[in-house]
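The values are calculated or read from the model by the stated rules, or taken from the named source; none is laboratory data. Just so you know, these numbers come straight off a predicted model, no measurement behind them. Here Cβ is always computed from backbone atoms with ideal geometry, including for glycine, and neighbour counts include all displayed protein chains. Ligands, DNA and RNA are stripped out before the accessible areas are found, and what is left, the full protein with its side chains, is counted by its heavy atoms. Shrake-Rupley method; radii C 1.70, N 1.55, O 1.52, S 1.80 Å.
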Amino acid sequence: MTRTDVSLFLTPRAPLPQTDRALLAAAVARICPGQGPVTIEQRCERCGGAHGRPRVLAPSGVFVSLSRAGHTVAVSVSLVGPIGVDIESVTAVGRAGFDDVAFNADERAALQRMPAAERDRARAGIWTTKEALLKLSGQGLTVDPRELTVEWAGASVSLRWPTSTLDLNRVHVEGFDAGPGLIGTLTVLSAKSPRVELHRDS
């Protein structure tokens, strides 16, 4: 049986963030049955607070990421390397002033060259790619997202991040259908393109 490298779960969003975070442990247990208790730590690498990238302490060799948007939460589990997931509402990224804080000059120019009807979807695709990559790196929005450049053309994505130590040649980007009005993106650090399996839980 072929192993699934990355499992992605889309579920209804819970009322409390703490409940959503419990989904991480449940997802790991589902992917790694019989490997003992799941232990996940969430601690900021800068201040030591109980936030930041979640780390799976047990079982070993497992990586997770989580994102929320609208009424949906996305939980991803990777067995091949660090992962970042992000989902976003297409309409949310169209609000006034968003482009100025999220995108650099090259990205804003690229958006302006697109037909107006395609811009919000492209804008959401670029933004979720940035967010997912920043989550993968462990830095999150401690980094100005304008330092990254995402050239986005739907299925074709290229990345530039001059200040990063990540090997971007090993970062695989995959978009997914996160539901009506949502855009989703996975980024995975892996030697080869990962096999991804999507689960929709009602």
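Numerical summary
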quantity: Some residue of segment 106-114 being over 21 Å from VAL6 (Cβ atoms), crowded, with 19+ Cβ neighbours inside 10 Å and not aliphatic (A, V, I, L, M); calculated: yes
quantity: Condition met for LEU57 (open to solvent by 50 Å² or more (accessible area, probe 1.4 Å), within 21 Å of GLU197 (Cα to Cα), touching a strand residue (DSSP E or B) at 6+ places or on another chain (Cβ under 9 Å) and free of Cβ contacts under 8 Å to residues at least 60 places away in the same chain); calculated: no
quantity: Segment 153-184, residues that are among the β-branched types (Val, Ile, Thr) and out of contact with any Lys or Arg (no Cβ under 9 Å at 6 or more places or on another chain); calculated: VAL157, THR163, THR165, VAL171, VAL173
quantity: Residue that is part of a loop (DSSP other than H, G, I, E, B) and either in contact with a Leu (Cβ under 8 Å, 6 or more places away or on another chain) or within 21 Å of LEU168 (Cβ to Cβ) (or both), where the choices are VAL64, VAL80; calculated: VAL80
quantity: Among residues of segment 160-198, those that are among the hydrophobic types (A, V, I, L, M, F, W, C) and over 17 Å from ALA124 (Cβ atoms), counted; calculated: 9
quantity: Condition met for GLU118 (assigned to a helix (DSSP H, G or I) and modelled with pLDDT under 95); calculated: yes
quantity: Check on SER67, within 16 Å of VAL188 (Cα to Cα) and small (Gly, Ala, Ser); calculated: yes
quantity: Residue within segment 146-163 that is of a type outside the set (Ser, Thr, Tyr), more than 19 Å from VAL101 (Cβ to Cβ) and touching a residue at least 60 places away in the same chain (Cβ under 8 Å) present; calculated: no
quantity: Selection within segment 141-180 - in contact with a strand residue (DSSP E or B) (Cβ under 6 Å, 6 or more places away or on another chain), within 26 Å of GLY70 (Cβ to Cβ) and not in a strand (DSSP E or B); calculated: ALA178, GLY179
quantity: Pairs with Cβ under 6 Å, 6+ apart, first in segment 86-103 and free of Cβ contacts under 8 Å to residues at least 40 places away in the same chain and among the polar types (S, T, N, Q), second surrounded by fewer than 22 Cβ atoms within 10 Å (Cβ to Cβ) and not in a loop (DSSP other than H, G, I, E, B); calculated: none
quantity: Filter result for the condition that a residue is open to solvent by 10 Å² or more (accessible area, probe 1.4 Å), closer than 19 Å to VAL85 by Cα, modelled with pLDDT of 95 or more and under 17 Å from the mean Cα position of the chain (by Cα), over LEU168, LEU133; calculated: LEU168
